[in-house]
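The values are calculated or read from the model by the stated rules, or taken from the named source; none is laboratory data. Keep in mind the model is a prediction, meaning the values are calculated, not measured. Cβ sites come from the backbone with ideal geometry, for glycine too, and all protein chains shown count toward neighbours.
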Amino acid sequence: MTALVTGPTSGIGAAFARALAARGEDLVLVARDAARLEEAAAQLSAEHGVAVETLVADLAARDDVLRVAARLEDDARPVDMLVNNAGFGLRAGLLEPDWSVHEKALDVMCLAVLVLGGAAGRAMRARGRGAIVNISSLAGWIAQGNYSPVKAWVRSYSEGLAVELHGTGVGVTAVCPGWVKTEFHERAGIRTSSIPAFVWVDADRMVANALRDIDRGKLISIPAKRWKVAAFLARHAPRGAILWVSRLLTSSRK
(Lines give C-alpha, C1' and ligand atoms only; values in the text may rest on other atoms or scores of the structure.)
Protein backbone atom coordinates (compact mmCIF):
# COMPACT_ATOMS: atom_id res chain seq x y z
CA MET A 1 0.00 0.00 0.00
CA THR A 2 1.24 3.49 -0.88
CA ALA A 3 -0.11 6.85 0.25
CA LEU A 4 0.69 10.24 -1.28
CA VAL A 5 0.54 13.13 1.21
CA THR A 6 0.82 16.80 0.28
CA GLY A 7 2.19 19.20 2.88
CA PRO A 8 3.75 16.42 5.02
CA THR A 9 6.55 18.32 6.75
CA SER A 10 4.49 19.86 9.54
CA GLY A 11 1.14 19.88 11.29
CA ILE A 12 -1.69 17.64 10.16
CA GLY A 13 0.20 16.47 7.08
CA ALA A 14 3.13 15.28 9.19
CA ALA A 15 0.73 13.51 11.54
CA PHE A 16 -0.88 11.71 8.59
CA ALA A 17 2.56 10.67 7.29
CA ARG A 18 3.57 9.31 10.72
CA ALA A 19 0.32 7.42 11.18
CA LEU A 20 0.37 5.88 7.70
CA ALA A 21 4.03 4.89 8.02
CA ALA A 22 3.27 3.29 11.39
CA ARG A 23 0.65 1.17 9.61
CA GLY A 24 3.36 -0.04 7.24
CA GLU A 25 2.29 1.99 4.22
CA ASP A 26 4.92 3.29 1.82
CA LEU A 27 4.78 7.04 1.22
CA VAL A 28 5.10 9.64 -1.49
CA LEU A 29 5.68 13.00 0.18
CA VAL A 30 5.04 16.26 -1.68
CA ALA A 31 6.24 19.66 -0.43
CA ARG A 32 8.06 22.82 -1.53
CA ASP A 33 10.97 22.73 0.93
CA ALA A 34 13.44 20.12 -0.33
CA ALA A 35 15.55 20.08 2.84
CA ARG A 36 12.60 19.59 5.21
CA LEU A 37 11.13 17.03 2.83
CA GLU A 38 14.28 14.90 2.80
CA GLU A 39 14.60 15.19 6.58
CA ALA A 40 11.02 14.00 7.07
CA ALA A 41 11.48 11.15 4.59
CA ALA A 42 14.67 9.92 6.24
CA GLN A 43 13.11 9.98 9.70
CA LEU A 44 9.96 8.12 8.65
CA SER A 45 11.93 5.50 6.74
CA ALA A 46 14.31 4.93 9.65
CA GLU A 47 11.58 4.72 12.29
CA HIS A 48 9.08 2.58 10.41
CA GLY A 49 11.06 0.73 7.74
CA VAL A 50 8.85 1.94 4.89
CA ALA A 51 9.86 3.20 1.46
CA VAL A 52 9.52 6.97 1.20
CA GLU A 53 9.61 8.79 -2.13
CA THR A 54 9.83 12.58 -2.28
CA LEU A 55 8.50 15.06 -4.81
CA VAL A 56 9.55 18.69 -4.52
CA ALA A 57 6.60 20.69 -5.82
CA ASP A 58 4.89 24.03 -5.28
CA LEU A 59 1.16 23.39 -5.61
CA ALA A 60 0.61 27.03 -6.55
CA ALA A 61 2.56 26.33 -9.78
CA ARG A 62 0.59 24.65 -12.55
CA ASP A 63 3.49 22.59 -13.93
CA ASP A 64 4.31 21.24 -10.47
CA VAL A 65 0.69 20.23 -9.90
CA LEU A 66 0.68 18.38 -13.21
CA ARG A 67 3.87 16.50 -12.22
CA VAL A 68 2.20 15.32 -9.02
CA ALA A 69 -0.94 14.39 -10.97
CA ALA A 70 1.18 12.32 -13.36
CA ARG A 71 2.67 10.47 -10.38
CA LEU A 72 -0.83 9.66 -9.15
CA GLU A 73 -1.72 8.21 -12.55
CA ASP A 74 1.47 6.13 -12.87
CA ASP A 75 0.07 2.59 -13.18
CA ALA A 76 3.50 1.06 -12.65
CA ARG A 77 3.67 2.62 -9.14
CA PRO A 78 0.06 2.75 -7.92
CA VAL A 79 -1.00 5.12 -5.15
CA ASP A 80 -3.70 3.67 -2.91
CA MET A 81 -4.48 6.78 -0.86
CA LEU A 82 -4.21 10.48 -1.64
CA VAL A 83 -4.17 12.94 1.26
CA ASN A 84 -4.80 16.44 -0.09
CA ASN A 85 -3.51 18.33 2.93
CA ALA A 86 -1.28 21.17 1.67
CA GLY A 87 -2.56 24.58 2.69
CA PHE A 88 -2.03 27.63 4.84
CA GLY A 89 -3.94 30.07 7.02
CA LEU A 90 -5.32 33.28 5.61
CA ARG A 91 -5.13 36.48 7.59
CA ALA A 92 -5.63 38.86 4.65
CA GLY A 93 -9.01 40.59 4.57
CA LEU A 94 -11.36 40.43 1.64
CA LEU A 95 -11.18 44.21 1.13
CA GLU A 96 -7.41 44.45 0.78
CA PRO A 97 -6.32 45.64 -2.69
CA ASP A 98 -3.55 43.03 -2.93
CA TRP A 99 -5.42 39.81 -3.68
CA SER A 100 -2.34 37.72 -4.54
CA VAL A 101 -2.56 35.69 -1.31
CA HIS A 102 -6.18 34.82 -2.12
CA GLU A 103 -5.16 33.72 -5.60
CA LYS A 104 -2.48 31.47 -4.10
CA ALA A 105 -4.98 30.05 -1.62
CA LEU A 106 -7.37 29.12 -4.42
CA ASP A 107 -4.51 27.59 -6.43
CA VAL A 108 -3.18 25.47 -3.54
CA MET A 109 -6.35 24.59 -1.62
CA CYS A 110 -8.91 24.41 -4.44
CA LEU A 111 -7.43 24.00 -7.92
CA ALA A 112 -4.64 21.62 -6.85
CA VAL A 113 -7.13 19.61 -4.80
CA LEU A 114 -9.40 19.31 -7.84
CA VAL A 115 -6.60 18.34 -10.25
CA LEU A 116 -4.98 15.82 -7.90
CA GLY A 117 -8.32 14.41 -6.80
CA GLY A 118 -9.30 13.88 -10.43
CA ALA A 119 -6.00 12.18 -11.28
CA ALA A 120 -6.20 9.90 -8.25
CA GLY A 121 -9.86 9.18 -8.91
CA ARG A 122 -9.25 8.08 -12.50
CA ALA A 123 -6.35 5.81 -11.56
CA MET A 124 -8.09 4.30 -8.54
CA ARG A 125 -11.37 3.79 -10.40
CA ALA A 126 -9.51 1.77 -13.03
CA ARG A 127 -8.11 -0.49 -10.27
CA GLY A 128 -11.41 -0.67 -8.38
CA ARG A 129 -10.02 0.52 -5.06
CA GLY A 130 -8.47 3.47 -3.27
CA ALA A 131 -9.15 6.41 -0.96
CA ILE A 132 -9.07 10.16 -1.54
CA VAL A 133 -8.80 12.32 1.58
CA ASN A 134 -9.31 16.08 1.39
CA ILE A 135 -8.56 18.24 4.42
CA SER A 136 -11.40 20.69 4.91
CA SER A 137 -12.20 22.49 8.18
CA LEU A 138 -14.97 23.43 10.58
CA ALA A 139 -14.21 26.95 9.34
CA GLY A 140 -16.14 25.99 6.22
CA TRP A 141 -19.40 26.30 8.18
CA ILE A 142 -18.73 29.82 9.45
CA ALA A 143 -17.77 33.06 7.68
CA GLN A 144 -14.16 34.14 8.09
CA GLY A 145 -12.54 35.90 5.16
CA ASN A 146 -11.55 33.68 2.27
CA TYR A 147 -10.50 30.68 4.36
CA SER A 148 -14.11 29.71 5.13
CA PRO A 149 -15.20 29.74 1.45
CA VAL A 150 -12.09 27.76 0.47
CA LYS A 151 -12.72 25.05 3.05
CA ALA A 152 -16.45 24.99 2.30
CA TRP A 153 -15.51 24.37 -1.34
CA VAL A 154 -13.25 21.46 -0.33
CA ARG A 155 -16.11 19.81 1.56
CA SER A 156 -18.59 20.38 -1.26
CA TYR A 157 -16.07 19.20 -3.89
CA SER A 158 -15.49 16.02 -1.90
CA GLU A 159 -19.22 15.32 -1.93
CA GLY A 160 -19.35 15.84 -5.69
CA LEU A 161 -16.33 13.60 -6.23
CA ALA A 162 -17.90 10.91 -4.03
CA VAL A 163 -21.04 11.00 -6.16
CA GLU A 164 -19.03 10.46 -9.34
CA LEU A 165 -17.02 7.62 -7.77
CA HIS A 166 -19.98 5.89 -6.12
CA GLY A 167 -19.88 2.14 -6.67
CA THR A 168 -16.32 2.10 -8.02
CA GLY A 169 -14.59 0.93 -4.86
CA VAL A 170 -12.94 4.34 -4.37
CA GLY A 171 -13.79 6.17 -1.16
CA VAL A 172 -13.74 9.94 -0.63
CA THR A 173 -13.51 11.59 2.78
CA ALA A 174 -13.49 15.28 3.67
CA VAL A 175 -11.79 15.67 7.05
CA CYS A 176 -13.14 18.71 8.91
CA PRO A 177 -11.00 19.47 11.96
CA GLY A 178 -11.39 22.37 14.33
CA TRP A 179 -8.48 23.75 16.30
CA VAL A 180 -5.44 21.44 16.13
CA LYS A 181 -2.22 21.90 18.09
CA THR A 182 0.21 22.73 15.27
CA GLU A 183 2.22 25.75 14.11
CA PHE A 184 -0.47 26.47 11.50
CA HIS A 185 -1.93 29.52 13.23
CA GLU A 186 1.43 30.96 14.29
CA ARG A 187 2.79 30.71 10.74
CA ALA A 188 -0.30 32.53 9.48
CA GLY A 189 0.11 35.29 12.07
CA ILE A 190 -3.25 34.43 13.68
CA ARG A 191 -3.63 35.12 17.40
CA THR A 192 -5.18 32.22 19.32
CA SER A 193 -5.02 33.49 22.90
CA SER A 194 -8.79 34.05 23.01
CA ILE A 195 -9.58 30.43 22.01
CA PRO A 196 -10.39 28.23 25.06
CA ALA A 197 -7.91 25.46 25.79
CA PHE A 198 -10.57 22.73 25.81
CA VAL A 199 -11.30 23.06 22.07
CA TRP A 200 -7.76 22.19 21.01
CA VAL A 201 -6.89 18.63 19.95
CA ASP A 202 -3.49 16.97 19.43
CA ALA A 203 -2.68 16.39 15.74
CA ASP A 204 -1.79 12.71 16.14
CA ARG A 205 -5.02 12.01 18.02
CA MET A 206 -7.00 13.88 15.39
CA VAL A 207 -5.43 11.88 12.55
CA ALA A 208 -6.01 8.56 14.34
CA ASN A 209 -9.71 9.39 14.61
CA ALA A 210 -9.82 10.57 10.99
CA LEU A 211 -8.20 7.36 9.73
CA ARG A 212 -10.87 5.32 11.50
CA ASP A 213 -13.52 7.31 9.64
CA ILE A 214 -11.64 6.91 6.35
CA ASP A 215 -11.34 3.15 6.85
CA ARG A 216 -15.09 3.00 7.50
CA GLY A 217 -15.80 4.87 4.29
CA LYS A 218 -17.28 7.99 5.90
CA LEU A 219 -17.71 10.91 3.54
CA ILE A 220 -17.48 13.62 6.22
CA SER A 221 -15.08 13.09 9.11
CA ILE A 222 -15.28 15.40 12.13
CA PRO A 223 -12.63 13.70 14.25
CA ALA A 224 -13.47 14.85 17.79
CA LYS A 225 -16.67 14.84 19.85
CA ARG A 226 -16.34 18.51 20.76
CA TRP A 227 -16.05 19.39 17.06
CA LYS A 228 -19.07 17.26 16.21
CA VAL A 229 -21.09 19.40 18.61
CA ALA A 230 -19.68 22.57 17.03
CA ALA A 231 -20.49 21.31 13.53
CA PHE A 232 -24.06 20.42 14.56
CA LEU A 233 -24.58 23.92 15.94
CA ALA A 234 -23.03 25.50 12.84
CA ARG A 235 -25.37 23.53 10.58
CA HIS A 236 -28.57 24.01 12.57
CA ALA A 237 -28.27 27.32 14.43
CA PRO A 238 -29.84 30.42 12.85
CA ARG A 239 -27.47 31.81 10.26
CA GLY A 240 -27.54 35.18 11.98
CA ALA A 241 -26.08 33.57 15.10
CA ILE A 242 -23.30 31.95 13.06
CA LEU A 243 -22.45 35.30 11.47
CA TRP A 244 -22.37 36.90 14.93
CA VAL A 245 -19.88 34.26 16.12
CA SER A 246 -17.89 34.76 12.92
CA ARG A 247 -17.65 38.49 13.63
CA LEU A 248 -16.41 37.80 17.15
CA LEU A 249 -13.75 35.40 15.90
CA THR A 250 -12.68 37.78 13.15
CA SER A 251 -12.39 40.76 15.50
CA SER A 252 -10.36 38.70 17.98
CA ARG A 253 -7.71 38.12 15.31
CA LYS A 254 -7.19 41.75 14.36
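Assuming G140 fulfils every condition listed in (1) of a type outside the set (A, V, I, L, M); (2) over 23 Å from E164 (Cα atoms); (3) not in a loop (DSSP other than H, G, I, E, B) apart from one, which condition is it?
Every listed condition holds for G140 apart from (2).
Go through (1) farther than 25 Å from R155 by Cβ; (2) touching a Pro at 6+ places or on another chain (Cβ under 7 Å); (3) in contact (Cβ under 8 Å) with a residue 60 or more places away in the chain and name the single condition A40 misses.
(3)
With the structure loaded, tell me whether L29 is within 16 Å of D64 (Cβ to Cβ) and out of contact with any Cys (no Cβ under 7 Å at 6 or more places or on another chain) or whether it fails that test.
So L29 fits the description; yes.
Counting only residues that are crowded, with 22+ Cβ neighbours inside 10 Å and hydrophobic (A, V, I, L, M, F, W, C), how many does region 120-130 have?
Total meeting the criteria: 2.
Working only within region 58-89, note down all residues that are in contact with a strand residue (DSSP E or B) (Cβ under 9 Å, 6 or more places away or on another chain), farther than 15 Å from A120 by Cβ and touching a residue at least 40 places away in the same chain (Cβ under 8 Å).
G87
If only one of A57, A51, A41 is within 23 Å of C110 (Cβ to Cβ), over 15 Å from the mean Cα position of the chain (by Cα) and small (G, A, S), which one is it?
Only one candidate passes the filter, namely A57.
Show the residue pairs that are 6+ apart or on different chains and have beta-carbon atoms under 9 Å apart, the first residue being within region 8-35 and more than 11 Å from V52 (Cα to Cα), the second being aromatic (F, W, Y).
Close Cβ pairs satisfying both conditions: P8/F16; S10/F184; G11/F184; I12/F184.
Please verify whether region 202-217 includes one or more residues that are at pLDDT 65 or above, surrounded by fewer than 22 Cβ atoms within 10 Å (Cβ to Cβ) and assigned to a loop (DSSP other than H, G, I, E, B).
yes
When the residues of region 3-30 are filtered to those that are in contact with a strand residue (DSSP E or B) (Cβ under 6 Å, 6 or more places away or on another chain) and among the charged types (D, E, K, R), which remaining residue is nearest to D74 (Cα to Cα)?
Ranking the qualifying residues of region 3-30, first place goes to D26.
Looking at this structure, is V154 surrounded by fewer than 23 Cβ atoms within 10 Å (Cβ to Cβ), among the β-branched types (V, I, T) and in a helix (DSSP H, G or I)?
When the stated conditions are applied, V154 does not pass them.
Is it the case that some residue within region 76-85 is of a type in the set (A, V, I, L, M), crowded, with 17+ Cβ neighbours inside 10 Å, in contact with a Phe, Trp or Tyr (Cβ under 6 Å, 6 or more places away or on another chain) and outside any helix (DSSP H, G or I)?
Yes, region 76-85 has at least one match.
Might you let me know whether region 91-110 holds any residue that is among the basic types (K, R) and closer than 27 Å to A152 by Cα?
Yes.
Which residues, counting only those in region 1-60, are polar (S, T, N, Q) and assigned to a loop (DSSP other than H, G, I, E, B)?
Within region 1-60, T9, S10 meet the criteria.
Give the residues of region 147-183 that are small (G, A, S) and in contact with a Gly (Cβ under 7 Å, 6 or more places away or on another chain), sorted by residue number.
Selection gives S148, A152, G169, G171.
Being farther than 29 Å from G217 by Cβ and surrounded by 21 or more Cβ atoms within 10 Å (Cβ to Cβ): is that true of A105 here?
So A105 passes the test.
Cβ-Cβ distance below 7 Å, separation of 6 or more or different chains: which pairs start in region 145-163 with a residue that is more than 17 Å from L116 (Cβ to Cβ) and end on one that is basic (K, R)?
none
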